[in-house]
1. Looking only at the range 74-86, which residues are modelled with pLDDT of 95 or more and open to solvent by 50 Å² or more (accessible area, probe 1.4 Å)?
2. Answer yes if at least one residue in the range 24-45 is among the charged types (D, E, K, R), on the phi < 0 side of the Ramachandran plot and either open to solvent by 70 Å² or more (accessible area, probe 1.4 Å) or touching a Cys at 6+ places or on another chain (Cβ under 9 Å) (or both), and no otherwise.
3. Condition first: open to solvent by less than 70 Å² (accessible area, probe 1.4 Å), closer than 18 Å to Ser21 by Cβ and in a strand (DSSP E or B). Now tell me which residues in the range 95-119 satisfy that.
4. Checking the condition without any contact (Cβ under 8 Å) to a residue 40 or more places away in the chain and either over 16 Å from Thr116 (Cβ atoms) or among the polar types (S, T, N, Q) (or both), which residue from Thr101, Thr57, Thr90 passes?
5. Give the number of residues within the range 28-54 that are out of contact with any Lys or Arg (no Cβ under 8 Å at 6 or more places or on another chain) and in contact (Cβ under 8 Å) with a residue 60 or more places away in the chain.
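The values are calculated or read from the model by the stated rules, or taken from the named source; none is laboratory data. Since the structure is predicted, the reported quantities are computational estimates derived from the model, not experimental observations. Methodologically, a virtual Cβ is constructed for each residue, glycine included, from the backbone with ideal geometry; neighbour enumeration extends over all protein chains shown. These area figures cover heavy atoms from the full protein model, side chains too; ligands, DNA and RNA do not enter into them. Shrake-Rupley method; radii C 1.70, N 1.55, O 1.52, S 1.80 Å.
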Amino acid sequence: QVQLVESGGGLVQTGGSLGLSCAASGIISSINVMGWYRQAPGKQRELVARITSGGSTNYGDSVKGRFTISRDNAKNTVYLQMNSLKPEDTAVYYCNLRFTTGPWDYDSWGQGTQVTVSS
């Protein structure tokens, strides 16, 4: 019942910026964690950033100081502002939502959006 819709991916030059957005719909616990993960060709999916419904954040080491995650709880939307982009940031970026309702653990993923940083 949960759906995540991402937007904002695209092509940008080194040093540029992009903003990603992910809107969640469905029956969602007010206590949850939303985040962004990315996967480059031939590499494992890695954490980019995540944020709890209480506002606590966690960033992957490679993006600290450059990316900022935020959310709007009323809209069930999470954002990722990416600045000072590098070619190494090129990947498919996936939105993630995790929460627990009674005996059910939910781990939902968006379809992914391509971010390409040209050198």
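1. Of everything in the range 74-86, those that are modelled with pLDDT of 95 or more and open to solvent by 50 Å² or more (accessible area, probe 1.4 Å) turn out to be Tyr79, Gln81, Asn83, Ser84, Lys86.
2. Yes; the residues of the range 24-45 include at least one that is among the charged types (D, E, K, R), on the phi < 0 side of the Ramachandran plot and either open to solvent by 70 Å² or more (accessible area, probe 1.4 Å) or touching a Cys at 6+ places or on another chain (Cβ under 9 Å) (or both).
3. Once the filter is applied, which keeps residues that are open to solvent by less than 70 Å² (accessible area, probe 1.4 Å), closer than 18 Å to Ser21 by Cβ and in a strand (DSSP E or B), the range 95-119 yields Cys95, Asn96, Leu97, Ser108, Thr113, Val115, Thr116.
4. Among Thr101, Thr57, Thr90, only Thr57 is without any contact (Cβ under 8 Å) to a residue 40 or more places away in the chain and either over 16 Å from Thr116 (Cβ atoms) or among the polar types (S, T, N, Q) (or both).
5. Residues in the range 28-54 being out of contact with any Lys or Arg (no Cβ under 8 Å at 6 or more places or on another chain) and in contact (Cβ under 8 Å) with a residue 60 or more places away in the chain: 3 in total.
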